[in-house]
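The values are calculated or read from the model by the stated rules, or taken from the named source; none is laboratory data. If you're wondering where the values come from, they're calculated on a predicted model, not measured in any experiment. Cβ placement follows ideal geometry from the backbone for every residue including glycine, while neighbour counts extend to all protein chains displayed. Heavy atoms of the whole protein, side chains included, go into the accessibility calculation; ligands, DNA and RNA do not. Shrake-Rupley method; radii C 1.70, N 1.55, O 1.52, S 1.80 Å.
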Amino acid sequence: MNIESNNHKLRLKAAKRVEEIKGFYTHLVATFIIPPFLVFINLQTAPQFHWFWIAIAAWFVGLIIHWFYVFGSAKFLDEWEAKKLNEVLEDHEDKSEFIQEQYYLKTKKKVNEIKGFYVHFGVSILAVFIIVLVNLQFVPDFYFFWYAVAGICIALFFHWFGVFGFDKLGFGKNWEEKKIQEFINKKS
């Protein structure tokens, strides 16, 4: 039973790591699509003011924060996650240990996905606020912030779609299982 428990814990850590890496690389791929689109929109609509630099800077700040979250050390998020998992598991004390372990694994994965979406949502709200302020301060005659808001909403939609049921574009369950097995093999 102890070996099974260790395997479950190892699998849980590997699954979490795979989800984090997958999210970062999705963000990285979007970096090659969305900022060039913003540059195009800016140069087509208001070439006299290059607001795209602000949008690109904000995008890369978000990318750096995401990198730090995935490859750096964000302990405060881990503590929040542990607290949330304990709250959920307290409601299911009457189940057997095995069922609780399975429920724990599924819950932990879902909590990680939801947590990532809400972090993205919070950073997006802050980014929109800053972009609107910069727009109104420097170019009050042209509301370029709508383009940024549209791009941020599109990114949030895709993130929401991924967290709540969309698993396409090559990062499906087969890829996840393969990566989980790679991490397990490295730890063994």
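No other residue among PHE161, PHE144, PHE117, PHE157 is aromatic (Phe, Trp, Tyr), modelled with pLDDT of 75 or more and open to solvent by 90 Å² or more (accessible area, probe 1.4 Å) apart from PHE157. When ALA46, ALA58, ALA30, ALA15 are checked against the criterion of being modelled with pLDDT under 85, of a type in the set (A, V, I, L, M, F, W, C), under 26 Å from LYS115 (Cβ atoms) and surrounded by 13 or more Cβ atoms within 10 Å (Cβ to Cβ), ALA15 stands alone in meeting it. Taking the conditions (1) at pLDDT 85 or above; (2) over 19 Å from LEU38 (Cα atoms); (3) aromatic (Phe, Trp, Tyr) in turn, PHE98 satisfies each one other than (1).
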